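**Student:** I am attaching a structure below and will ask some questions about it afterwards.
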Amino acid sequence: MNTKQDTKIDLGGPLSSSVIKTTIDTWQSSGDKDQYFDQTISHRKIIRRWNQLSRLQRSLVYAFFIILATLLIILYTAKSAASNVNKPKRKAELDPLKNSSLVNEPAVDLEQVKKIVYDTEINERPVFTGPGNARQFAVVESFKHAWRGYKEHAWGHDNLKPVSGMSFDWFSLGLTIVDSLDTAYIMGLNEEFEEGKEWIKNELIFTKNKDVNFFEVTIRVLGALLTNFHFTDDIMFLNKAKDLGERLMAAFSSPSGIPYSDVNLGSRTAHAPEWSHYSTTAEVTTVQLEFRELSRATNNPMFEEAASSVSEKIHQLPKKHGLVPIFINPNTGHFLPHATITLGARGDSYYEYLLKQWLQTGKRINYLLDDYVTAIEGVREYLAKRSSPNKRLFIGELSSGSESFNPKMDHLTCFLPGTLALGHANGLPDWHMTMAEELLYTCYLTYAAHPTFLAPEITHFNMVSTTDDMYTKTADAHSLLRPEFVESLWYMYQITGNTTYQDWGWQIYQGFEKYAKVPNGYTSLANVKSEKPIPRDMMESFFLSETLKYLYLLFSDDRFVIDLNKYVINSEAHPLPIHKN
């Protein structure tokens, strides 16, 4: 039998003579005719077997392939979305005059932003490999210098007075040890970490009959314990955090549920401060990240419920386009009428924690995003102004009583560029990043304007001037070595990848080294306008916990050492994991 003549090629339909001829020619020119013939027979068998299947069996096969294709599409989409989060939105524009107006941009479409949800629940412990370049090594040496001075002269006390070589106690909770321990861990300082951990294990107790500030202890001590538990998986840290959290719950015992400012940890009682019936708005709204994480870690919802209810109650209160007065009455649950409105002291972290709570809960609590976006639009409308003559963007205040505009900006307000950039990286509109870039440059100028290259506590701005845009009053010229500006530099560096922010941070670090470093540590300064500033003899715990930590992270070649897609950073620079809900 002639195989060439008798073999039929069934392709399911009539073919033109040219197609048939091409097919036969291809077959004849093949180096292996028998293989081609076998493949043809195999195809016919497959088709025959398919035709023998019942309609139900064919339907099941179709369903299987549809489900498989759907799963592959979902997996590909999820991977693409996760990779896009890591990509910088755009290069930072450093020219503060490039965008002369921030008031004509359209409002954000919140419904679109709310649809951007990423399931970023993580369980793995982070790995830190220590310093990787000369700048990071320098910051590590600074931390070791400060730690040695504290260990020698103030071990177990809250703060070191590095000039006199004495200790200072605020709450008698070893603040410097607890607050800065995760910095040592991130830097790879195992010896310092282990000796600090041993002190916490054996010496840190919360039974003293002593009042503490609810907010400060929450962000510095509770936040630090939770971060160290997450980093190390050492249950000792969680047990300490649980004991402290249960004692701090007394703050929520007010008639309104708005926390009292002062808590006696030993007696588990709370009360308003002696000087006022009011609590500070920022303080009562800057504990939610920590209490929520405590609930997740202990599987006890009471902590999260108490703290979240505060945010819900403040959400219901009337505001000035999202802007809040800086005092609130824990008895009535209402703001102090006509109190100052500011993004500086007593107001700042209310706005920060709106965004960060939304991120912490997997972007699923929408009223937090609503309140944040409304507030930032209020900042743009009422507080963001430009100085004269160079039109520097700054954030002023609405004064107590009259609510008239006051062109002064606390250094604390320099947290805002980082928060704005974080919001923009999570879907908020471009003008948030524009404002972040311009405001960050203004903050930089508050350092560059002084011979120490350090910023004062408060800067005042000229609205009508032909010479200087800003000036510093002598009473406001002190520096506590605060972290807010370098914090924003790190956010901007991670989100944009722009190394200019590293260079700015290095200039500031050199100012610390030249003017604040003393034999026993680092001291706050009385006047940054002086070429020989007088030391104030205090090393705050946040200098090690925040300022040096942010500088170390800022100088890293790997800008995702602590990935903002996986962590929210509390107001004291303690990273806490992001949850799915």
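The values are calculated or read from the model by the stated rules, or taken from the named source; none is laboratory data. All figures in this text were calculated on a predicted structure; none of them were measured in a lab. Glycine gets a Cβ as well: all are built from the backbone with ideal geometry, and neighbour counts include every protein chain shown. Ligands, DNA and RNA are stripped out before the accessible areas are found, and what is left, the full protein with its side chains, is counted by its heavy atoms. Shrake-Rupley method; radii C 1.70, N 1.55, O 1.52, S 1.80 Å.
**Student:** Tell me, what HN-Hα J-couplings in whole Hz come from the Karplus equation 6.51 cos²θ - 1.76 cosθ + 1.60 at θ = phi - 60° for each residue of segment 327-335, using x for Gly and Pro?
**Tutor:** 10, 9, 8, x, 7, 9, x, 10, 5
**Student:** Here's a follow-up. Take Ile458, Ile66, Ile569 and sort them by solvent-accessible surface of the protein heavy atoms, 1.4 Å probe, largest at the top.
**Tutor:** Ranking Ile458, Ile66, Ile569 by accessible area, largest first, yields Ile66, Ile458, Ile569.
**Student:** Only sites in a loop by DSSP and with at most 10 other Cβ atoms within 10 Å count here; which chymotrypsin sites (Phe, Trp or Tyr not before Pro) in segment 368-427 make the cut? All intermediate terms of the calculation are to be shown ahead of the outcome.
**Tutor:** Numbers: sites: Tyr372, Tyr382, Phe394, Phe405, Phe415; in loops: none.
Passing both the DSSP loop test and the Cβ count: no residue.
**Student:** Given Cβ point charges of +1 (Lys, Arg) and -1 (Asp, Glu) and nothing else, what value in debye, to the nearest 20, does the dipole of segment 120-247 about its Cα centre take?
**Tutor:** About 260 debye.
**Student:** Given the C-alpha centroids of segment 506-581 and segment 270-338, what is the distance between them in whole angstrom?
**Tutor:** Here the two parts' Cα centres lie 27 Å apart.
**Student:** Okay, moving on. Of all GluC sites (Glu not before Pro) in segment 225-296, which ones are in loop regions per DSSP and have a Cβ with at most 16 other Cβ atoms within 10 Å?
**Tutor:** Values: sites: Glu246, Glu274, Glu283, Glu290, Glu293; in loops: Glu274.
Of the GluC sites (Glu not before Pro), the ones in loops of segment 225-296 whose Cβ has at most 16 other Cβ atoms within 10 Å are Glu274.
**Student:** Something else: Taking H placed 1.01 Å from N in the peptide plane, check which residues at least 5 places from Thr269 or on another chain put their amide H under 5 Å from its amide H.
**Tutor:** Hits under the 5 Å cutoff: Asn264.
**Student:** Right, here's the next one. Which of the residue pairs Lys161/Lys529; Lys473/Lys514; Lys161/Lys208; Lys151/Lys201; Lys210/Lys408 have a Cα-Cα distance greater than 25 Å in the structure shown?
**Tutor:** Details: Lys161/Lys529 22 Å; Lys473/Lys514 23 Å; Lys161/Lys208 23 Å; Lys151/Lys201 17 Å; Lys210/Lys408 36 Å.
Correct reply: Lys210/Lys408.
**Student:** Follow-up. Let me know the shape class of segment 250-362, please: from the alpha-carbon gyration tensor, a ≥ b ≥ c as square roots of the eigenvalues, rounded when a/c is under 1.5, otherwise prolate if a/b is greater than b/c, or oblate.
**Tutor:** The shape class here is oblate.
**Student:** Accessible area of segment 334-479 with a 1.4 Å probe: how many percent of it is carbon plus sulfur?
**Tutor:** Roughly 49 percent of what the probe reaches on segment 334-479 is carbon or sulfur.
**Student:** Here is a follow-up. Could you tell me what percent of the accessible area of segment 199-279 is made up of carbon and sulfur, with a 1.4 Å probe and every protein chain present?
**Tutor:** 47 percent
**Student:** Amide H to amide H under 5 Å from Met166: which residues, 5+ apart in sequence or cross-chain, H placed 1.01 Å off N in plane?
**Tutor:** Here Lys161 satisfy the definition.
**Student:** Separate question: Could you give me the ³J(HN,Hα) list for segment 150-155, computed from phi with Karplus coefficients 6.51, -1.76, 1.60 and θ = phi - 60°, whole Hz, x at Gly and Pro?
**Tutor:** Along segment 150-155, the couplings run 5, 5, 6, 10, 8, 3 Hz.
**Student:** Moving to a separate point now. Can you tell me the dipole magnitude for segment 489-567 around its Cα centre, using point charges on the Cβ only (Lys, Arg +1; Asp, Glu -1), in Debye to the nearest 20?
**Tutor:** Using Cβ point charges on Lys, Arg, Asp and Glu, segment 489-567 gives about 200 debye.
**Student:** Here is a further query. Quick one: Karplus J couplings for segment 179-189, per residue in order, coefficients 6.51, -1.76, 1.60, θ = phi - 60°, nearest Hz, x for Gly and Pro?
**Tutor:** 5, 9, 5, 5, 5, 4, 5, 5, 7, x, 8
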